[in-house]
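Comments concern the structure below.
Nothing in this text is a laboratory measurement; each read-out follows from the coordinates by a stated rule. Since we're looking at a predicted model, the values are computed, not measured. Quick reminder, even Gly has a Cβ in these numbers, built from the backbone with ideal geometry, and neighbours come from all protein chains shown.
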């Protein structure tokens with residue numbers, strides 16, 4: 001079976017993956033406009049064009065913005081299907097794609113509260129239902 | 001109404017469907033030859049070259065070499081499946097500026113014979129995609145499914161309403177001898193087809209075929225003496241809002257909101273005066289979102305808008321009259337076929353599927369994962 005794709009850290013993203021491996025979800029915040037930024041950028045804010053992004057801790061809490069139950073999976077994921085891919089709106093504002101762990105596909109709903117659940121090797125930012 | 005500076009003078013498809021014995025370049029060359037012949041022109045007349053590639057870096061460089069064309073104006077803009085509608089607008093601008101007189105736009109793909117959709121990839125993922133491709137979202141369908149789920153949540157859009165789009169497309173396809181899938185289907189057939197990515201079923205998804213197409217755009221001067229009536233490019237707009245679906249600002253609003261507004265305003269044509277509408281129907285949800293973005297109905301109203309076969313043959317909103325990407329053909333990127341069908345409708349060449357007296361048409365291409373849009377308004381005479 002084909003290898004499951006994994007993130008290849010680069011100068012813009014290495015901090016994110018290193019923090020995650022240490023158990024922390026860190027995202028960026030613009031020094032100029034104060035808005036949070038995801039995915040990581042080297043220096044330029046996509047909201048205001050300002051220079052200077054600082055790494056800050058995210059709460060790891062969010063809500064499901066949308067989801068799909070994948071049946072016809074890419075070959076590298078076929079053995080896992082069906083599974084739920086979600087878009088999560090983080091409390092801080094940014095939207096992040098992830099997978100939902102421990103929830104039956106039929107039980108997933110838009111607006112469901114979720115929280116970070118770091119899992120796998122390499123560690124990835126999964127989410128689970130937040131009670 | 002806008003100045004009539006550029007007109008579509010020739011359109012053609014290559015072989016469509018399953019074409020295992022031809023390359024994508026050959027499909028482009030053969031459709032281009034036919035489109036030029038329809039315009040009474042040859043490759044020697046072409047001085048503007050437009051293509052998006054998909055299988056090639058620097059698409060028009062490869063194509064120019066293959067066809068023996070040294071253009072005075074070259075444009076390899078690739079914004080996914082919307083590219084070719086954008087190219088038509090770009091050709092009009094280039095002609096208006098006197099950069100070229102005869103613009104050739106073409107696309108070809110052997111996506112079906114060369115292994116179909118890839119859906120994903122393996123190994124290390126670099127750049128922004130590393131935050132999406134690691135999750136196994138099949139692309140593009142999974143991204144469109146995320147939009148469909150959101151639309152359902154916000155507006156109560158039903159699976160039946162999505163299915164209406166596929167059923168109407170198949171009814172049109174049954175009237176098109178070139179369509180790949182022509183047997184009638186019902187809403188129940190769509191709902192009972194297997195899941196791909198919920199809430200999208202197999203029959204909510206476009207075909208995977210081989211094929212190519214070409215469109216020749218000429219200056220007003222050249223358009224005076226054509227074998228076929230010219231089809232004028234009256235308005236054009238284009239935009240994009242994101243690359244990956246995570247970054248789409250609003251999952252229910254495509255960039256056709258901006259491309260459509262610009263194209264319609266430039267044309268001076270009122271929406272109600274359009275006779276035929278050709279929208280890129282990569283998935284049934286694409287059509288619903290595009291109808292809203294183009295202002296044919298309000299936000300969230302598209303499900304009710306298409307109900308009752310309204311967009312099918314005999315309905316009061318003729319749309320995707322060739323059968324669309326859902327039933328006619330879909331070689332990798334579909335946008336160019338919206339131009340081909342609209343041109344034929346405005347010339348009155350469509351036989352059983354002809355929309356009576358069609359004089360004004362709108363084409364909209366969508367690219368990526370609802371990422372880009374390009375719109376043109378076309379008019380006869």
Residues B:292, B:349, A:121 arranged by fewest to most Cβ contacts within 10 Å
A:121, B:349, B:292
If one computes the Cα centroid of the stretch B:365-379 and of the stretch A:21-72, what distance in Å separates the two points?
29
Inter-chain shielding metric for A:8-15, i.e. average beta-carbon neighbours from other chains within 10 angstrom, reads 3
Packing-based ranking, highest mean first, of B:281-291, B:310-320, A:40-50, A:60-70 given that Cβ atoms within 10 Å are counted:
B:281-291, A:60-70, B:310-320, A:40-50
Where does chain A land on Rg/Rh, using Cα atoms and the Kirkwood Rh?
0.99
When the Kirkwood hydrodynamic radius is evaluated over all pairs of different C-alpha atoms of the stretch A:8-58, what value in angstrom, to one decimal, is obtained?
10.9
Percentage, to the nearest whole number, of Cα pairs in the stretch B:1-103 over 20 Å apart:
38
Between the stretch B:1-61 and the stretch B:184-232, the Cα center-to-center distance that results, in Å
16
Work the Kirkwood hydrodynamic radius out for the protein assembly as shown: mean of 1/r over every pair of different alpha-carbon atoms, inverted, in Å.
23.5
Across all Cα atoms of the stretch B:299-373, Rg and the largest Cα-Cα distance (Dmax), in Å, are 13.2, 35
Which value in nm describes the separation of the simple spin-label points at residue A:32 and residue B:270, placed 7 Å from the Cα toward the beta carbon?
4.5
What does the average come to when, for each residue of peptide B:248-260, you count the partner chain Cβ atoms lying within 10 Å of its Cβ?
1
Using only the Cα atoms of chain B, what do you get for the radius of gyration and for Dmax, in Å?
19.2, 56
Fewest Cβ neighbours within 10 Å first, please rank B:204, A:18 accordingly.
A:18, B:204
Averaged over its residues, how many other protein chain Cβ atoms are within 10 Å of peptide B:240-247's Cβ atoms?
3
Can you give me the Rg/Rh ratio for the stretch A:59-131, using Cα atoms for both radii and the Kirkwood formula for Rh?
0.96
Give me B:11, B:253 sorted ascending by neighbouring Cβ count inside 10 Å, so fewest comes first.
B:253, B:11
Whole angstrom only: what separates the Cα centroid of the stretch B:238-274 from the Cα centroid of the stretch B:135-155?
19
